[in-house]
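The block underneath contains the structure these notes are about, expressed in structure tokens.
The numbers here are math on the coordinates, done by the rules we state, and not lab data. In this text, all values refer to a predicted model and were calculated from it rather than measured experimentally. Backbone-built Cβ (ideal geometry, glycine too); neighbour counts: all protein chains shown.
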Amino acid sequence: MSLLAGRTAIVTGAGRGLGRAHALMLARHGANVLVNDLGSSASGEGTDQTPAQEVVAEIEKLGGKAAINTSDVSDWKASQQMVEQAIDTFGGLEILVNNAGILRDRMLINMSEEEWDLVVKVHLKGTFAPLHHAGNYWRMRSKGGETFDASVINTTSHSALFANVGQTNYAAAKAGIATMSIVAARELQRYGVRVNALAPRAETRMTEGLRDWTPEQLERRRPDWISTLVAWLASEDAKEVSGRVFEAWGYGYAVMESWQHGPRMDASLDPTTIGDGMRKICRFARPNANINRDEWLDP
């Protein structure tokens, strides 16, 4: 219980799946939790307070402190009010877990403008807005002379990092979150704020049925394995870790190494002269990583 004792967390999309597991794990280790969930379907339709209410009830049954918030995190004002609610309810804010998301999968030539806009809005703006408002709270506290440790954990995806076919909207938004996390870590470090991101592999309503997993593989895809890393990153024990993107599931945790410089050639002002050189550096460059390479299935 001492790992997160006295710390307050907001977990978005906390009514089901990964968010629910994160909220419960943080509470088990002593954090006060504002449980945010709009209660929509996996495709972003409808609202329902029940999932968030059930998570709050579970936390209270554990002896923890929790409150419900049903804001749309991609709504600028509602996101600000969510941050203010956590501060007013529990007396502060040290942890922000941005997890809320939806899916509208389709090949890009068949994707509608609405499907693009909605997924990018929920994921990308729905991560930026809470981070913006929480960041301003921490900035004001820091400028007031307070010293503290705060942690943000954002949610990216292997679909973004390894370019999954059929998810142009989702992958683009999640890739933006990965880069946003690194930029935010550099910008907010002066205020005592750490920012990291996770690319989780878990069996939730957004992924169920995609593959036939063995019982052992399903066990390793339980959200709790990922929530363990969330709780650690949220703690002061992780105060030296920031600006990182992690892969996480029951087979292990790994650091993603971001874009790296590859082979190069001299530049030219004549496009008719660069063909041989360009083909050569592409030939010697490492291929893009593939989302289907599950090296950890037999560790």
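Side notes on the structure shown:
- Of the residues Thr50, His29, Phe148, the one whose Cα sits farthest towards the positive end of the charge dipole of the chain is Phe148 (charges of +1 on Lys and Arg Cβ, -1 on Asp and Glu Cβ, taken about the Cα centre).
- Long-range tail of P(r) for region 118-191 (Cα pairs > 19 Å, %): 40
- Total lysine pairs whose alpha carbons fall under 17 Å of each other in the chain (8 or more apart, or interchain): 4
- Average Cα contact separation per residue, the chain, under 8 Å, 6 or more apart, as relative contact order %: 16
- Lys/Arg +1, Asp/Glu -1 at C-beta; region 8-260 dipole; positive extreme among Gly17, Met107, Trp249: Trp249
- Acute angle (nearest 10 degrees) that the helix 17-28 long axis makes with the longest principal axis of the chain, alpha-carbon atoms: 50
- Considering only His133, His261, His158, the mean-square fluctuation computed in a Gaussian network model of the chain, springs between alpha carbons under 10 angstrom, is largest for His261.
- Size of the chain: Rg and Dmax of its alpha carbons, in Å, are 20.3, 71.
- Peptides 250-259, 170-179, ordered by how many other C-beta atoms sit within 10 Å of their residues on average, highest first, read 170-179, 250-259.
- Acute angle (nearest 10 degrees) that the helix 126-143 long axis makes with the longest principal axis of the chain, alpha-carbon atoms: 60
- Within a Gaussian network of the chain (alpha carbon springs, distance under 10 Å), most fluctuating of Leu96, Leu62, Leu26: Leu62
- Environment charge of Gly277, counting only residues whose C-beta is closer than 15 Å and scoring Lys/Arg +1, Asp/Glu -1: +1
- Helix 223-234 axis, angle to the chain major axis (alpha carbon atoms, nearest 10°): 80
- DSSP beta bridges in region 8-260 [antiparallel fraction, %, rounded to 5]: 15
- Computed [θ] at 222 nm, deg cm²/dmol, the chain (DSSP H ≥ 4; -39,500 (n - 2.57); rounded to nearest 500): -12000 deg cm²/dmol
- Ascending count of other beta-carbon atoms within 10 Å, so fewest first, for Phe246, Phe284, Phe148: Phe284, Phe148, Phe246
- Charge dipole (Cα centre; +1 on Lys/Arg Cβ, -1 on Asp/Glu Cβ; no other charges) of the chain amounts to roughly 640 debye.
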